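S.K.: The structure under discussion is supplied below as structure tokens; questions concerning it will follow.
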Amino acid sequence: MNHSANIQLNPSHRLNEDGVVLLKGVIPDHALKDVRPQYDHLDATLTRTEIVKDRPIIVFWRHVLGEQKRLGHFDEFPALWSLITDHIVPKLRQLFPERTKRMQLLETIIFNKPAETSNTLNWHQDVAYFPLSPNNQIAVWIPFEIVTAERGAMVYALGSHKLGIRGSTNLHTREKFANEDRDVIPDDPREIGLDVQCMEMTPNDMLVHDGYTWHYSGPNVIKGYTRRGLSVRFITEPAAFDPRPGQGAAFTKQIDIKPGEIVEGAPFPLL
Ligand SMILES: O=C(O)CCC(=O)C(=O)O
């Protein structure tokens, strides 16, 4: 297929067909201006690792083996809250009206790939790690700087969202989690006929993907260059808590209800 077709005429159609769409130039400079310095300040000072249950958390995740995730809060990162509520959510509502009637914040992560020491975040599907039923989400991904294949760009298997749920694996090693009985994503999705697309981007661009779409990111091998990417995931319909082994995302520890009950409350606000 012609990969440039993914860069977009009808975003809603592309998201339905490919499970991912690259939107060029949709985030204005002023929306990101304060996000970078506030991120850098927190990245340099943040040590918190405990997970609170009274508000959403922001996961600071460096792709370096052995690094522990740190957890920020929106009251200390107001520019990020504005980016989400004033820019990301309205843009999603404008371009994907059918999928965004209900937008509930599930998870916010900033992935940081330091130069030369970062590693690959292997093929995965977000929903495999989420204890939700139904398990329907959309996610956005926004770079804070230019990303290229050598700088840890996101890579997607187009159409993979139509192939159902897959098993969860260790993102660094691809090892299956204990008790995982679901089929896992193949080492190379091209072997089963899927097209694979590397999404090179500039900071005003935004990726939108379906929670079922397979993706990975390689290391950042460019000396002196950091690669920061924001991912925000939204639940798009009421979802019940449905835990299973292999679901260790930080937000799962904010869930304080019994299986079968609806996930809601302060950590997961409706937007
Ligand atoms: O930023 C990255 O490298 C990985 C992001 C990712 O896998 C995700 O947003 O689900």
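S.K.: Would you confirm whether any residue within region 232-247 is on the phi < 0 side of the Ramachandran plot, in contact with a helix residue (DSSP H, G or I) (Cβ under 9 Å, 6 or more places away or on another chain) and small (G, A, S)?
M.R.: No.
S.K.: Shifting gears a bit: Looking only at region 140-154, filter to residues that are open to solvent by 10 Å² or more (accessible area, probe 1.4 Å) and assigned to a loop (DSSP other than H, G, I, E, B); which one of those is nearest to P219 (Cα to Cα)?
M.R.: E150
S.K.: Here's something else I'd like to know. Quick check on my filter: what residues within region 96-139 are outside any strand (DSSP E or B) and more than 21 Å from T173 (Cα to Cα)?
M.R.: Scanning region 96-139 gives F96, P97, E98, R99, T100, K101, R102, M103, P131, P134, N135, N136.
S.K.: Name the single residue that is most open to solvent (accessible area, probe 1.4 Å) among those in region 100-125 being modelled with pLDDT of 95 or more and among the charged types (D, E, K, R).
M.R.: Among those residues, the one meeting the criterion is K101.
S.K.: Can you tell me which residue within region 232-254, out of those that are surrounded by 18 or more Cβ atoms within 10 Å (Cβ to Cβ) and β-branched (V, I, T), is farthest from R48 (Cα to Cα)?
M.R.: That would be T236.
S.K.: Out of A157, A178, A128, report the one residue that is over 30 Å from D40 (Cβ atoms), away from the ligand (no atom under 12 Å from the Cβ) and crowded, with 19+ Cβ neighbours inside 10 Å.
M.R.: One residue alone meets the criteria, A157.
S.K.: Do we have any residue at all in region 21-39 that's within 16 Å of the ligand (Cβ to nearest atom), within 28 Å of Y156 (Cβ to Cβ) and surrounded by fewer than 18 Cβ atoms within 10 Å (Cβ to Cβ)?
M.R.: yes
S.K.: Another one. With respect to D188, is the statement that it is within 30 Å of A153 (Cα to Cα), more than 14 Å from the ligand (Cβ to nearest atom), free of Cβ contacts under 8 Å to residues at least 24 places away in the same chain and open to solvent by less than 60 Å² (accessible area, probe 1.4 Å) true?
M.R.: So D188 passes the test.
S.K.: Scan region 126-169 for residues that are out of contact with any Cys (no Cβ under 9 Å at 6 or more places or on another chain), small (G, A, S) and either modelled with pLDDT of 95 or more or on the phi > 0 side of the Ramachandran plot (or both) and report the count.
M.R.: Selection size over region 126-169: 7.
S.K.: With R93, R55 as the choices, which residue is of a type in the set (K, R), over 26 Å from G25 (Cα atoms) and surrounded by fewer than 20 Cβ atoms within 10 Å (Cβ to Cβ)?
M.R.: Among R93, R55, only R55 is of a type in the set (K, R), over 26 Å from G25 (Cα atoms) and surrounded by fewer than 20 Cβ atoms within 10 Å (Cβ to Cβ).
S.K.: Separate question: Show the residue pairs that are 6+ apart or on different chains and have beta-carbon atoms under 7 Å apart, the first residue being within region 247-271 and part of a loop (DSSP other than H, G, I, E, B), the second being exposed (fewer than 12 other Cβ atoms within 10 Å of the Cβ) and aliphatic (A, V, I, L, M).
M.R.: From region 247-271, no pairs qualify.
S.K.: Has region 204-218 got at least one residue that is modelled with pLDDT under 95 and not small (G, A, S)?
M.R.: No - not one qualifying residue is present in region 204-218.
S.K.: Somewhere in region 183-204, is a residue part of a strand (DSSP E or B) and among the hydroxyl-bearing types (S, T, Y)?
M.R.: no
The values are calculated or read from the model by the stated rules, or taken from the named source; none is laboratory data. Remember, predicted model here, so these are calculated numbers, not experimental data. In this analysis, Cβ positions are derived from the backbone assuming ideal geometry, glycine residues included, and neighbour counts consider all displayed protein chains. Side chains included, ligands, DNA and RNA excluded: accessible areas come from the protein's heavy atoms. Shrake-Rupley method; radii C 1.70, N 1.55, O 1.52, S 1.80 Å.
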